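Student: One structure, pasted below without further comment.
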Ligand code: MBD
Ligand code: FE
């Protein structure tokens, strides 16, 4: 039985059990490595800096959200989910067809035509389901998110939008092919990665939240099969079913830059009681 301030915690209390075991886990690492006062003081300063830099959401989502998401995904039907991450912003523009993600004139990157359907777990189409998409630009910058290196941001809601599938649950949207994403390395989260010798990359990804009345909304990500970081995502959020092929197409947008196509069927989970 764990002692905290000399008082045993009631193990039937879930919150108390989680906190007690978390503290035990940290103490056992401190004891195992005989962590010194110098290291302990540095760790406290680090945690203060992490908060002052506003990076607790980034830190938590990079290191822990995938574990929470895995349990959540296992408890429902529908397509696999993936972590939301720290950079979702509410209030993205609602597009009218033909759907084109908000982007600058000459937005860097290859053109991606992303299409597919939204269905129920039995694969019947869900008419008029909503698909919300957000992604970083070709420099790895999310609109509306200040970076610790003070870089210039894309316009508000660049590469963020909501669209509605048609009466057959089908959607098609034009965007850019995402590129591998390096989490900001100038702040405390990145500094920790550098200090322990881990890279700061996530494979290129689209973030998605798909929703429809009568279903649970599905938060997920999609990746691309040529990506060098699929096996070493710093956020550990890749699932094989979420990795798409990219097909080079010359017929979709004649006269355009190189154009790629990818498609995905979202199966929305039945609402949990
Ligand atoms: C991201 O874009 C992201 O998806 C996650 C999980 C963490 C940091 C940045
Ligand atoms: Fe992301």
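Student: Taking springs between alpha-carbon atoms closer than 10 angstrom, which of 244, 159, 22 fluctuates most in the Gaussian network model of the chain?
Tutor: 22
Student: Taking 8 Å as the Cα distance limit and 6 or more residues as the minimum spacing, I'd like the relative contact order of the chain as a percentage.
Tutor: Working: 503 pairs, mean separation 61.8, N = 273.
Normalised by residue count, the contact order of the chain is 23 percent.
Student: Give the order of 132, 34 when sorted by the count of other beta carbons within 10 angstrom, beginning with the fewest.
Tutor: On the way: 132 19, 34 7.
Ranked by crowding around the Cβ, least crowded first: 34, 132.
Student: On to the next question. Once the principal axes of the Cα atoms of region 58-267 are found, what is the range along each, listed largest first in whole angstroms?
Tutor: Principal axes ranked by extent give 51, 45, 32 Å for the Cα atoms.
Student: Using a Gaussian network for the chain with springs between C-alpha atoms less than 10 Å apart, which of these wobbles most: 196, 173, 243?
Tutor: Of the options given, 196 has the highest mean-square fluctuation.
Student: Given points 7 Å out from each Cα along the Cα-Cβ axis, report the residue 45 to residue 30 separation in nanometres with one decimal.
Tutor: 1.9 nm
Student: Now for a separate question. Tell me the mean residue ellipticity at 222 nm calculated for the chain from its helices only (DSSP H runs of n ≥ 4, each -39500 (n - 2.57), averaged over every residue, nearest 500). It would help to have the intermediate numbers written out before the result.
Tutor: On the way: 5 runs with 62 residues, N = 273.
When only DSSP H runs of four or more count, the value is -7000 deg cm²/dmol.
Student: Now for a separate question. If you take the square roots of the eigenvalues of the alpha-carbon gyration tensor of region 4-130 and sort them as a ≥ b ≥ c, do you get rounded (a/c under 1.5), prolate (a/b over b/c) or oblate? Numbers along the way, then the final one.
Tutor: Details: a/c = 3.44, a/b = 1.77, b/c = 1.95.
Oblate is the answer for region 4-130, as a/c is 1.5 or above yet b/c matches or exceeds a/b.
Student: To continue, here is another question. Evaluated at 25 °C with a viscosity of 0.890 mPa s, what Stokes-Einstein diffusion coefficient in µm²/s does region 139-215 have when Rh comes from the Kirkwood expression over alpha-carbon pairs?
Tutor: On the way: Rh = 15.2 Å.
Once the numbers are plugged in, D ends up at 161 µm²/s.
Student: Below 8 Å between Cα atoms, with a sequence gap of 6+, how large is the relative contact order for region 63-211 in percent?
Tutor: On the way: 256 pairs, mean separation 41.8, N = 149.
Once divided by the residue count of region 63-211, the mean separation gives 28 percent.
Student: Something else about it: Cα gyration tensor of region 205-273, axes a ≥ b ≥ c as square roots of the eigenvalues: rounded (a/c below 1.5), prolate (a/b > b/c) or oblate? Mind dumping the intermediate values first?
Tutor: Numbers: a/c = 3.21, a/b = 1.42, b/c = 2.26.
It is oblate, given that a/c is not under 1.5 and a/b is not larger than b/c.
Student: By per-residue mean of other Cβ atoms within 10 Å, what is the highest-first order of 180-189, 199-208? Please list the in-between numbers first.
Tutor: Numbers: 180-189: 19.8, 199-208: 22.2.
Per-residue mean Cβ counts within 10 Å order the peptides as 199-208, 180-189.
Student: Still on this structure: What does the extension gain come out to for residue 156 and residue 170, with contour length at 0.36 nm per residue minus their alpha carbon separation? Kindly include the intermediate steps, with their values, before the conclusion.
Tutor: Details: separation 14, 0.36 × 14 = 5.04 nm, distance 2.75 nm.
So the extension gain works out to 2.3 nm.
Student: Take the Cα of residue 138, step 7 Å along the line toward its Cβ, and report every residue of region 85-106 whose backbone nitrogen sits under 12 Å from that point.
Tutor: From region 85-106, the list is 104-106.
Student: How do 232, 263 rank when sorted from fewest to most other Cβ atoms within 10 Å of their own Cβ? Present the calculation step by step, with values, prior to reporting the outcome.
Tutor: Details: 232 13, 263 16.
Starting with the residue having the fewest Cβ neighbours, the order is 232, 263.
Student: Test of understanding: ordering 133, 209, 18 by Cβ neighbours within 10 Å, fewest first, what list do you get? Walk me through the numbers on the way to the answer.
Tutor: Numbers: 133 23, 209 18, 18 10.
Fewest-to-most ranking of 133, 209, 18: 18, 209, 133.
Student: If you stretched the chain out fully between residue 96 and residue 123, how much longer would it get, using 0.36 nm times the residue separation minus the C-alpha to C-alpha distance?
Tutor: Numbers: separation 27, 0.36 × 27 = 9.72 nm, distance 2.55 nm.
Separation in residues times 0.36 nm, less the Cα-Cα distance, equals 7.2 nm.
Student: Expressed as an acute angle from 0 to 90° and rounded to the nearest 10, what is the orientation of the C-alpha long axis of helix 37-52 relative to the principal long axis of the chain?
Tutor: 40 degrees
Student: For residue 231 and residue 147 in the same chain, what is the full-extension length gain: residue separation times 0.36 nm, less their Cα-Cα distance, in nm?
Tutor: Numbers: separation 84, 0.36 × 84 = 30.24 nm, distance 2.60 nm.
Length gained between residue 231 and residue 147: 27.6 nm.
Taken together, the values in this text are just the output of simple stated rules run on the coordinates, not laboratory data. Please read these numbers as outputs of a predicted model, since none were measured by experiment. Every residue, glycine among them, receives a Cβ derived from its backbone with ideal geometry; neighbour counts consider all protein chains shown.
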